[in-house]
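The values are calculated or read from the model by the stated rules, or taken from the named source; none is laboratory data. This structure is a prediction, so every number in the text was calculated from the model and none was measured. Glycine also receives a Cβ, built like all others from the backbone with ideal geometry; neighbour counts cover every protein chain displayed. Quick note on the areas: whole protein, heavy atoms, side chains included, nothing else; ligands and nucleic acids left out. Shrake-Rupley method; radii C 1.70, N 1.55, O 1.52, S 1.80 Å.
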Amino acid sequence: PRALAAAPSRMPRLLGELIDAQPDVVVMQEMDSVWYDRFWEPSLRAMGYDARYTLKQSVSSSEGLALAVRRDALSIEHFESVPLSLDEPSAAIRSFLDAHEPTRRAIQKLPTVGQLAMLRQGDRQLLVINSHLYFANPAVHVRSLQTAALLDAAVAHMGSQPTGVIFAGDLN
């Protein structure tokens, strides 16, 4: 039924699933900023999670990404939002974009973002990458470039210590 798909009905049911599962890490995409501020962040905090939100880079957007970490399992050592407009690409990505100027111009208009969180449990680290990659079917190359940019940012944060990595999200 349509009523069950509506956000006021759907969100509490999703929260119930989280309560039952008790995951250490939660990543969400297409998260409405109002729902995050009024429902998800307070609910997650009350359940013992630290949560972070990243709004897409668009004046007209009201959605983004959320990442939450259960405080009694892990701590957030470092968190950052990663714009995927590729304004400051790595050398390899820059080389591709230099040869494909229309792709560069198109990507710079996209509001896509990612999140990187370095989590710690004792002396162990876990890097979590969360993103909602660009969606258009003919744009496989754009999703590949966005993934490469997220992986470049991840490598820059892993340092010399062995680190586990979770790459999650809506990868289209």
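Numbers below:
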item	result
Heavy atoms of Thr163: accessible area, 1.4 Å probe, square angstrom to 10	30 Å²
Cα pair distances exceeding 17 angstrom across segment 45-131, given as percent	58 percent
Prolate/oblate/rounded label for segment 115-172 (Cα gyration tensor, a/c 1.5)	prolate
Contour minus Cα-Cα distance for Arg94 and Glu30 (0.36 nm per residue)	20.2 nm
Dipole magnitude of the chain about its Cα centre (Cβ charges: Lys, Arg +1; Asp, Glu -1), debye to nearest 20	300 debye
11 Å beta-carbon shell around Ser62, net charge (K/R +1, D/E -1)	-3
Two-decimal ratio, the chain, of alpha-carbon radius of gyration to 2.2 N^0.38 Å	1.10
Paramagnetic reach from Ser62 in segment 5-23 [backbone N under 15 Å; point 7 Å along Cα→Cβ]	7-8
Residue among Gly169, Ser9, Met118 farthest towards the positive dipole end of the chain, charges placed on Cβ	Ser9
Heavy atoms of Ser58 accessible to a 1.4 Å probe, total area in Å² rounded to 10	40 Å²
Per residue convex hull volume, Cα atoms of segment 71-172, in Å³	96 Å³
Cut-off 14 Å between beta-carbons: net charge of the residues surrounding His78, Lys and Arg +1, Asp and Glu -1	-1
The chain, accessible area per residue, ligands and nucleic acids excluded (1.4 Å, Å²)	54 Å²
Rough spin-label spacing in nm, given labels placed 7 Å along Cα→Cβ, for Asp123 and Arg105	5.5 nm
Sites Ala148 and Ala73 - FRET efficiency at Förster radius 41 Å, r taken between beta-carbons, to 0.05	0.85
Gyration tensor over alpha-carbon atoms, segment 83-139, equivalent ellipsoid semi-axes in Å	29, 14, 9
Charge context of Pro8, other residues only, Cβ under 15 angstrom, K/R +1, D/E -1	+3
